[in-house]
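One structure below.
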Amino acid sequence: MAPTSKSEALRAMLNTAKPAIAMSAHNPLSAKLAAEGGFDAVWVSGFELAASYAVPDANILPMGTHLEVTRSMANIHGLDIPLIADLDTGFGNAINVAYVIPQYEAVGAAAVVIEDKTFPKDSSLRTDGRQKLVSIEEFQGKIAAAKAASSMLVIARTEALIADLGEEEALERGMAYVEAGADAILIHSKKTPDEILSFCRAWQGQVPLVIVPTSYPQLSFAEIGELNKVGLIICGNHAIRASVAAMKHVFQRILKDGGIAGVEDEIATVSEVFKLQGDDWMRELERKYLR
Ligand code: SPV
Ligand code: MG
């Protein structure tokens, strides 16, 4: 699929009565597992990628690392799932955004998310994190620069609730970002569901909302659909957290057992991994071309 058709496919999925579900990924393998698992889209998560390098999610990794993993996901043979790239703050100001956005479209992203924090950012989920926002006008400039630079969906993310600025400020920012051309508004929150429920009910903007329910996991997808405001739900970090839990368990068990036999039934088989590596396609190539 050409980038434009991928973004159009994603746009068509943003149905507020039945929100699309994106799964996070930190490498092509996790993206492939998300696609094969039935998710509508892949969230190329900055948090997951940073965690996979064992560094904080605070613009420690260079933009090129995130761009390269996005490219690698888009190039998985036979995989055609929209990629939503988490661009943090856009790696600088509106000028940086103008340079960065076409590069993401060129590697095959369908959408980008840009957040209204200052660069360098800090993780929204971090207790006592450094949550400072740029002005509404400055962020409108970044959205306009992003929109002008590609045909991808531009999702504007406000961190007003994360920065404890209150619902009124969050609503004002959301509306201002729609005015600047945003295709959807990601409203992030790390409190009980009440904060996000109240925001969603108050939202009168003409574009769908996007949420990342990490901190209020009790809210089901069906309940979110009933609000009729959210077009996309992002499972923000479940690939990396699942991997960490599984690896810890297996590593501990191997040392405790003094051998690898005990975990055999708990881990993927080698042939399953071959399959994920696209072994079927390589066999086809071997048959066709190796002489
Ligand atoms: C990410 O997954 O990188 C996100 C979501 O931006 S959060 O970590 O909740 O900020
Ligand atoms: Mg992020």
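The values are calculated or read from the model by the stated rules, or taken from the named source; none is laboratory data. All figures in this text were calculated on a predicted structure; none of them were measured in a lab. Neighbour counts run over all protein chains shown; Cβ positions are idealised from the backbone, glycine included. Accessible surface areas use protein heavy atoms only, side chains included; no ligands, DNA or RNA. Shrake-Rupley method; radii C 1.70, N 1.55, O 1.52, S 1.80 Å.
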Exercise for review: Tell me the helices (runs of 4 or more DSSP H) entirely within segment 213-290 that contain at least 2 residues that are within 16 Å of ligand 1 (Cβ to nearest atom), among the charged types (D, E, K, R) and more than 20 Å from the chain's Cα centre (by Cα).
Suggested key: none
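If I filter segment 128-139 for residues that are among the aromatic types (Phe, Trp, Tyr) and more than 15 Å from ligand 1 (Cβ to nearest atom), do I get at least one hit? Steps first, answer last, please.
Keep residues of segment 128-139 that are among the aromatic types (Phe, Trp, Tyr), which gives 139.
Narrowing further to those that are more than 15 Å from ligand 1 (Cβ to nearest atom): 139.
Looking for residues that are among the aromatic types (Phe, Trp, Tyr) and more than 15 Å from ligand 1 (Cβ to nearest atom), one finds at least one in segment 128-139, hence yes.
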Revision key, fill the gap. When every residue in segment 107-121 that is of a type in the set (A, V, I, L, M, F, W, C) and either in contact with a strand residue (DSSP E or B) (Cβ under 7 Å, 6 or more places away or on another chain) or touching a residue at least 60 places away in the same chain (Cβ under 8 Å) (or both) is compared, the one nearest to ligand 2 (Cβ to nearest atom) is 113
Check your understanding: Looking at residue 148, is it closer than 21 Å to residue 121 by Cβ and either open to solvent by 30 Å² or more (accessible area, probe 1.4 Å) or not basic (Lys, Arg) (or both)?
Key -> no
Review point. Restricting attention to segment 151-160, does a residue exist that is hydrophobic (A, V, I, L, M, F, W, C) and on the phi > 0 side of the Ramachandran plot?
Key: no
Review point. Can residue 194 be described as within 16 Å of ligand 1 (Cβ to nearest atom) and among the acidic types (Asp, Glu)?
Key: no
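Yes or no, residue by residue, for (1) among the hydroxyl-bearing types (Ser, Thr, Tyr); (2) surrounded by fewer than 16 Cβ atoms within 10 Å (Cβ to Cβ); (3) closer than 21 Å to residue 40 by Cα:
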| site | (1), (2), (3) |
| --- | --- |
| 198 | yes, yes, no |
| 207 | no, no, yes |
| 213 | no, no, yes |
| 252 | no, yes, no |
| 265 | no, yes, no |
| 272 | no, yes, no |
| 284 | no, yes, no |
**Study point:** Answer residue from segment 73-99, given it is within 16 Å of ligand 2 (Cβ to nearest atom) and acidic (Asp, Glu) and is surrounded by the fewest Cβ atoms within 10 Å (Cβ to Cβ) among those
**Key:** 88
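Residues 249, 238: which one is in contact (Cβ under 8 Å) with a residue 40 or more places away in the chain and not hydrophobic (A, V, I, L, M, F, W, C)? Can you show your working first?
Numbers: 249 fails: in contact (Cβ under 8 Å) with a residue 40 or more places away in the chain.
Every option except 238 fails the conditions.
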Practice item. Report yes if some residue within segment 92-109 is out of contact with any Lys or Arg (no Cβ under 9 Å at 6 or more places or on another chain) and among the charged types (D, E, K, R); otherwise report no. Key: yes
**Study point:** Qualifying residue in segment 85-97 (condition: more than 15 Å from ligand 1 (Cβ to nearest atom), out of contact with any strand residue (DSSP E or B) (no Cβ under 6 Å at 6 or more places or on another chain) and at positive phi)
**Key:** yes
